2 protein chains.
Amino acid sequence: MPDSNLIETVRVELADRSYDILIGDNLLMQAGEKIKSVLPNAKCAIVTDENVAAIHLEALQENLKAAGIEAKPIILPAGEATKSYTHLQTVIEAIIEMRLERGDAVVAFGGGVIGDLAGFAAASVRRGMNFIQIPTSLLSQVDSSVGGKTGINSPQGKNLVGAFYQPKLVLADTAILNTLSAREFRAGFAEVIKYGLINDADFYDWLEQNWDGIQEGGEKRIHAVATSCRAKAAIVARDEFEAGERALLNLGHTFGHALEGITKYQSDVLVHGEGVAIGMVLAHAFSARMNQSSPDDTVRVTNYLKKVGLPTDMSGLRNHVKTADQMMDFIAQDKKVSRGNLTFILTHGIGQSYIANDVPAAEVHAFLTEILES
Amino acid sequence: MPDSNLIETVRVELADRSYDILIGDNLLMQAGEKIKSVLPNAKCAIVTDENVAAIHLEALQENLKAAGIEAKPIILPAGEATKSYTHLQTVIEAIIEMRLERGDAVVAFGGGVIGDLAGFAAASVRRGMNFIQIPTSLLSQVDSSVGGKTGINSPQGKNLVGAFYQPKLVLADTAILNTLSAREFRAGFAEVIKYGLINDADFYDWLEQNWDGIQEGGEKRIHAVATSCRAKAAIVARDEFEAGERALLNLGHTFGHALEGITKYQSDVLVHGEGVAIGMVLAHAFSARMNQSSPDDTVRVTNYLKKVGLPTDMSGLRNHVKTADQMMDFIAQDKKVSRGNLTFILTHGIGQSYIANDVPAAEVHAFLTEILES
């Protein structure tokens, strides 16, 4: 399929912090013009990683230059280890060194790691500069580009340090995703599927029927990304600071984070989207076990994730994940716990997820024991 | 004068971030009860410094314990050097180690350094925990307790890294100020005088007449602190993120920060309030030189600051401050510069300060040359 000229716009409604997400093929080639339309006089610090810089940085810099935008890059190592205090300080000091002011902009040009780190730096320099995101992975286009969660990892846990900080503009170039590995694309796609499973059965049906078209690119991919962003934006607009409903976005994440923790965030073993895929199957299976949903839905979800090429059980992780106790240790540490009670996102069926407070830890333990130790 | 039973309440109106400042003698002895009234179930991390801890920590801990509040202290070295990346990380990791959640609270128990650092930590742990301030210096009671500016210093400049983050409650114990040194009390009082000079000539008159009573303590001191908080709260309510009017609070600060920078923040040479005192005289003198105000006002302000025991010129700093160029280097670096133009807070007279954009740097330079080099 040829590149599409379609540009979809998703408005994230957050009062005076509202902003647009533009989604379309080759938006990178319009970056300067689009940034100028929201911030006419801003200079830019481009925060990126070595991998993205090698393929795309020159194009972005030339485009900004042509639009008359002064911009300098800050290039970091790729990978989760970059979301650290050390790199945060490096980025902040580099931005200050450039003598940028509050009215200037930090541009995050990369995946979730770069978006989270650069966003926290933008929030912190002079107590808040303008922030622009150009997410280059499918995961960051449909997840981190909506909702303003920024931050770094603590040695004690992932994403424990950060800020809620909204961008002024997000440019999601859907053609840039052609440069991702198949594994990275699939992992991001797990989050796309998640939006169908949370509260949009029609979207889930559409996704089941259009996996090939989405892989190919063009309008179907644009539709998948835009629908995902719109779904997340609607939830975030109602609950910006995660006081309630926003927790729905954690479908599959409590189990997924535990798996990521146990496998020590080694991306050769498990990446985030793969953990979420397994976690979504577990959330459906546990819901069925608690008589909240039909086992048929678990089967349907499992089959689709398999078709996409995502893992659906822990069989590939048995060198790491051995006991229910191991899992429970991570689940209880998860920052979404509230006053010691377990909160899970369960489901009444496809597109019917809900927040379950006070889930008995013993039931979760028994469920995991059956899977892992029998 | 005996301690007063009066408690003044200043409401800081910031929509869903509104909060109360309570001002009164011996409020420390009601801390548990007051915290419980806004956060019934919160556990607390008390961030404090060695000096404050030595005198007051036991009393606070006993009071919280009596109210049934679980609390642990994090004790840091006293002094400006504590507002660093290193100590920020120490505080954040200690809070996480205590397994506190978003609904728990970080209590800043100390002066401005502790308030700024603890506030930034509270803003950053889990992207925002509850924050409570118990400011123990006059400066922090009338300045840092209002307005939500938190942060640390960069090696490249003071307060360049941080967040706007509002507390849930501020307890300003005016009797605790009796344990300050006379120099520290006077330095904080410079900021009290500033509120009169900005936009309240009646308050300035009252301050001139009541310096003895304010030093003594009780109702007059409570009135001085409450009026200062109210003045700052009114400005902050109209301009939370310093887009305009809030800059008025920088009266005396551009010159003052330059003096602090040149003397390398050595508190034996110059403390913040002393820099502000000299800066306020310079702002009045420069305004008179620009034909904006009467030289009589400069004389009146100088005389009152002298009576209080504050420095009013740079004569005590001549080992450090030698040339106008030295000053200009710091003034142009100041983070309140906007697009390279100099913005100063000037005055049309006592209680009539205003924001002057586009002040010609050459005029400032000539003014400082006359004072320093002639």
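The values are calculated or read from the model by the stated rules, or taken from the named source; none is laboratory data. Keep in mind that this is a model prediction, so the values were computed, not measured. Quick reminder, even Gly has a Cβ in these numbers, built from the backbone with ideal geometry, and neighbours come from all protein chains shown.
Applying the selection to segment B:254-267, what residues are more than 15 Å from B:Tyr354 (Cβ to Cβ) and in contact with a Lys or Arg (Cβ under 8 Å, 6 or more places away or on another chain)? Show your work before the answer.
Looking only at segment B:254-267, we keep the residues that are more than 15 Å from B:Tyr354 (Cβ to Cβ), and these are B:255-267.
Selection gives B:His257, B:Glu260, B:Gly261, B:Tyr265.
When each of A:Gly252, A:Gly213, A:Gly218 is tested for being touching a helix residue (DSSP H, G or I) at 6+ places or on another chain (Cβ under 7 Å), at positive phi and of a type outside the set (A, V, I, L, M, F, W, C), the lone residue that passes is A:Gly252.
Mind counting the residues in segment A:256-303 that are part of a helix (DSSP H, G or I) and closer than 21 Å to A:Tyr204 by Cα? Adding up the residues that qualify gives 27. With respect to being touching a strand residue (DSSP E or B) at 6+ places or on another chain (Cβ under 6 Å), under 30 Å from A:Val161 (Cα atoms) and of a type in the set (Asp, Glu), A:Asp358 fits the description. Comparison of A:Glu70, A:Glu101 shows that the only residue that is acidic (Asp, Glu), out of contact with any His (no Cβ under 9 Å at 6 or more places or on another chain) and facing chain B (nearest Cβ under 9 Å) is A:Glu101. Of all residues in segment B:221-249, which are assigned to a helix (DSSP H, G or I) and without any contact (Cβ under 8 Å) to a residue 12 or more places away in the chain? Passing the criteria: B:Ala234, B:Arg238. Filtering segment A:120-158 down to residues that are assigned to a helix (DSSP H, G or I) and away from chain B (no Cβ under 11 Å), which residue is farthest from A:Lys264 (Cα to Cα)? Residue satisfying both the conditions and the ranking: A:Ala122. Filter segment B:268-312 for residues that are more than 21 Å from B:Ala362 (Cα to Cα), at pLDDT 95 or above, charged (D, E, K, R) and surrounded by fewer than 23 Cβ atoms within 10 Å (Cβ to Cβ) and give the result. Those that are more than 21 Å from B:Ala362 (Cα to Cα), at pLDDT 95 or above, charged (D, E, K, R) and surrounded by fewer than 23 Cβ atoms within 10 Å (Cβ to Cβ): B:Asp296, B:Asp297, B:Arg300, B:Lys306, B:Lys307.
Being within 14 Å of another protein chain (Cβ to nearest Cβ) and among the β-branched types (Val, Ile, Thr) is a description that applies to B:Val236.
When you look at B:Tyr19, is it of a type in the set (Phe, Trp, Tyr), within 13 Å of another protein chain (Cβ to nearest Cβ) and under 22 Å from the mean Cα position of the chain (by Cα), yes or no?
No; evaluated as a whole, the condition is false for this residue.
Counting the residues of segment B:78-108 that are touching a helix residue (DSSP H, G or I) at 6+ places or on another chain (Cβ under 6 Å) and free of Cβ contacts under 8 Å to residues at least 60 places away in the same chain gives 5. Does A:Gly188 satisfy the condition of being more than 13 Å from the chain's Cα centre (by Cα), buried (at least 23 other Cβ atoms within 10 Å of the Cβ), touching a residue at least 60 places away in the same chain (Cβ under 8 Å) and away from chain B (no Cβ under 14 Å)? Spelling it out, it is not the case that A:Gly188 is more than 13 Å from the chain's Cα centre (by Cα), buried (at least 23 other Cβ atoms within 10 Å of the Cβ), touching a residue at least 60 places away in the same chain (Cβ under 8 Å) and away from chain B (no Cβ under 14 Å). Considering segment A:28-69, and only residues there that are of a type in the set (S, T, N, Q) and assigned to a helix (DSSP H, G or I), the residue that is nearest to the chain's Cα centre (by Cα) turns out to be A:Asn51. All of B:Gly256, B:Gly273, B:Gly279, B:Gly252 fail the test of being without any contact (Cβ under 8 Å) to a residue 40 or more places away in the chain, within 30 Å of B:Leu169 (Cβ to Cβ) and within 17 Å of the chain's Cα centre (by Cα), apart from B:Gly256. How many residues does segment B:300-329 hold that are farther than 16 Å from B:Gly196 by Cβ and of a type in the set (A, V, I, L, M)? Residues meeting the conditions: 6.
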